[in-house]
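Data first, discussion second: the structure below is written as structure tokens.
Taken together, the values in this text are just the output of simple stated rules run on the coordinates, not laboratory data. Since we're looking at a predicted model, the values are computed, not measured. Methodologically, a virtual Cβ is constructed for each residue, glycine included, from the backbone with ideal geometry; neighbour enumeration extends over all protein chains shown.
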Amino acid sequence: MIFVALLPSTPASAQVGAVVSVFSDSRFRGYSLSDGRPVGILDLSYDHPSGIYGTLSGSVVASRHDGLRPLRLAANAGYATRVTSALTFDLGVVHSHYSEYSGVASDRSYTEIYAGLSGKLVGGRASISPNYIGGARATFHGAINGHIDLSPKWLLDGEVGLLVPIGSRGYSLSSRPQLDARAGISRRIGRITLHAAVTGRTKGPDIYSGHEPGRTAFVVGISSGL
């Protein structure tokens, strides 16, 4: 999750943002990419009035034996435009690199292309990767997400997704799809936001090829705009 506080920049109608966060675990589609360890994250973002946007995210992990170590560096670029007054279309690409301290066994990189539609409460996104989490297998991931503002300070959000391996290159494992889900709540306190979420995934082919600290987890965190 990326929580961005937007600040005015040049040109005046453009926006930049910076957020620092700490979470008890780094979960991605139900899988722990930090091997169940706490992480610190810095997210930088830029939104142009034309709809073009970009983000840069870096994180460190409290490793089991070596203290704080680099975990992930990711760059994301895309374009968003309104289809109607209540519907936005989004198209982009993200490239991520995970270090040897991640939960995916060794340092890996992967690229994913996505497209989605989002409304005021519900959205959907389809993503395709030719080398998911650095493996030889291509994947498709479809997700439906939603959020509800309970009040100006309380937010409920969640997502249900399905990861589908495509082909069998480099894998002798089953091509059975894998379901992932997350439900969370956030509380804003000034510039600080507190987070709590339950996340998990069904048992499936070991695409991630790393240590599995548990398919279900309760994750807490705190974030603040800079």
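Gain on full extension, evaluated as 0.36 nm per residue between L87 and L68 minus their Cα-Cα distance, stands at 2.7 nm.
Give the calculated FRET efficiency between T202 and A80 to the nearest 0.05, with a Förster radius of 35 Å applied to their Cβ-Cβ distance. It would help to have the intermediate numbers written out before the result.
Details: r = 31 Å, r/R0 = 0.89.
That gives a FRET efficiency of 0.65.
Taken over region 6-225, the alpha-carbon convex hull comes to 123 cubic angstrom per residue. Computed from label points 7 Å out along Cα-Cβ, the spacing between S109 and A138 is 2.1 nm.
Modelled spin labels at W154 and I185, positioned 7 Å past Cα toward Cβ, are 0.6 nm from each other. Modelled spin-label separation between S50 and L194, with each label point placed 7 Å from Cα along the Cα-to-Cβ direction: 4.3 nm.
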